[in-house]
Amino acid sequence: MTELAQIIIADAKSSIAGINTSQLRNKTILITGASGLVGTYLLAGLANIPQKNRPKKIYAVCQSELEKHWKEIADNIHATILRGDLCDDLFADNLPKSDMIIHASGYGQPGKFMIDPIKTIKLNTAVTLRLFEKLKLKGKFLFVSSSEVYSGLVNPPYKENQIGTTNTNHPRSCYIEAKRCGEAIVFSSRSIGIDAKSVRLSLAYGPGTKIDDRRVLNSFIRRALVGEKIEMMDNGEALRTYCYITDATQMMWNILVHGKEDIYNVGGTSRTTIAKLAELIGKIVKVPVLI
């Protein structure tokens, strides 16, 4: 097994701490977006639960090219890999019925989700509706939304009873409005007895991030390692709150298994400026930071 796969599996042990894993025993679990950072850690968390509580079947749904360390993690838990496009009705129709579904599919990077806005909308709306058809009676469903739904608000932190103020012609509206609609679908499903919740994920990071991830933290790390310096585009005064991926996925498992509310924020608590983030990475990698 590659070093990265070992690191992620060991790291993900804390993601199932405090979770009543007996509720996963003999269950069929389906995770969409399984090759992304969130999906990878959800799978790796399953590698750390006691053998007696292991799910009966794990389905990992993904579309992108599969990296070696990810395949090793999937093999470790004997996951069945279902590779295809969820927006393809034929592929979606053939997904297996499952006791637990975590819908984490779709890009969180603006540079990617804005390339095909119609698909971004469909992934979070029509596909969400289709996945409910794959949920077994008395099953559990978790929709991974985004803190982007708070866009337009000021003075964070924001509470779950708040929502953003951006218009439908906002440059990121395909993502923001799709997530909002996905949450509405999840909430509506509760009226017919489906145990479904939404989590508004904010800026998770950790090992296994893809090299082409252009979000600022990962971009700084890449610049430090490849370019041997971090050159800022501005003075870096914007504030960010990051959440380590094991903390994020622990919250998600907890919400899926034990949660009672409709919507949960999943994010960190510390706040830092972009400039301080760059300086910290520069210090660790020992490269200059140019602001």
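Assorted remarks:
- Where a residue in the range 190-207 is among the polar types (S, T, N, Q) and its partner, wherever it lies, is open to solvent by less than 70 Å² (accessible area, probe 1.4 Å) and outside any strand (DSSP E or B), with Cβ under 6 Å and at least six apart: Ser198/Glu183; Ser198/Val186; Ser202/Ser147; Ser202/Gly267
- Residue among Ile281, Ile176 that is in contact with a helix residue (DSSP H, G or I) (Cβ under 6 Å, 6 or more places away or on another chain) and over 27 Å from Ile9 (Cβ atoms): Ile176
- Of the residues making up the range 166-177, those that are within 21 Å of Ile263 (Cα to Cα) and free of Cβ contacts under 8 Å to residues at least 60 places away in the same chain are Thr166, Ser173, Ile176, Glu177.
- Check on Thr168, of a type in the set (Val, Ile, Thr) and crowded, with 19+ Cβ neighbours inside 10 Å: no
- Residue selected from the range 144-161 under the condition over 18 Å from Gly268 (Cβ atoms) and open to solvent by 60 Å² or more (accessible area, probe 1.4 Å), by the criterion modelled with the highest pLDDT: Asn161
- Against the conditions (1) open to solvent by 20 Å² or more (accessible area, probe 1.4 Å); (2) of a type outside the set (Gly, Ala, Ser); (3) touching a helix residue (DSSP H, G or I) at 6+ places or on another chain (Cβ under 9 Å); (4) not in a strand (DSSP E or B), His78 satisfies every one except (3).
- Of the residues making up the range 196-237, those that are among the small types (Gly, Ala, Ser), on the phi < 0 side of the Ramachandran plot and not in a strand (DSSP E or B) are Ser202, Ser219, Ala224, Gly227.
- Verdict on Lys140 being of a type in the set (Lys, Arg) and crowded, with 22+ Cβ neighbours inside 10 Å: yes
- Count of the range 1-39 residues which are assigned to a helix (DSSP H, G or I), touching a Pro at 6+ places or on another chain (Cβ under 9 Å) and of a type in the set (Val, Ile, Thr): 3
- Candidates in the range 1-48 are the residues that are of a type in the set (D, E, K, R) and out of contact with any strand residue (DSSP E or B) (no Cβ under 7 Å at 6 or more places or on another chain); of these, the one that is surrounded by the fewest Cβ atoms within 10 Å (Cβ to Cβ) is Glu3.
- Ile58 being touching a His at 6+ places or on another chain (Cβ under 8 Å), open to solvent by less than 40 Å² (accessible area, probe 1.4 Å) and among the aliphatic types (A, V, I, L, M): yes
- Counted residues, the range 238-291 - those being within 30 Å of Lys197 (Cα to Cα), out of contact with any Leu (no Cβ under 8 Å at 6 or more places or on another chain) and not in a helix (DSSP H, G or I): 11
- Restricted to the range 108-184, the set of helices (runs of 4 or more DSSP H) holding at least 2 residues that are in contact with a Lys or Arg (Cβ under 8 Å, 6 or more places away or on another chain) comprises 110-113.
- Against the list (1) at pLDDT below 95; (2) open to solvent by less than 30 Å² (accessible area, probe 1.4 Å), the condition Met114 fails is (2).
- Of all residues making up the range 137-156, the number that are in contact with a Gly (Cβ under 8 Å, 6 or more places away or on another chain) and over 22 Å from Pro117 (Cβ atoms): 1
- Matching entry among Ile115, Ile121 (being without any contact (Cβ under 8 Å) to a residue 12 or more places away in the chain and of a type in the set (Val, Ile, Thr)): Ile115
The values are calculated or read from the model by the stated rules, or taken from the named source; none is laboratory data. Every value quoted in this text rests on a predicted model; they were computed, and no experiment measured them. When we count neighbours, we look across all protein chains shown, and the Cβ atoms used for this are built from the backbone with ideal geometry, even at glycine. What goes into the accessible areas is simple: the full protein's heavy atoms, side chains included, and nothing from ligands, DNA or RNA. Shrake-Rupley method; radii C 1.70, N 1.55, O 1.52, S 1.80 Å.
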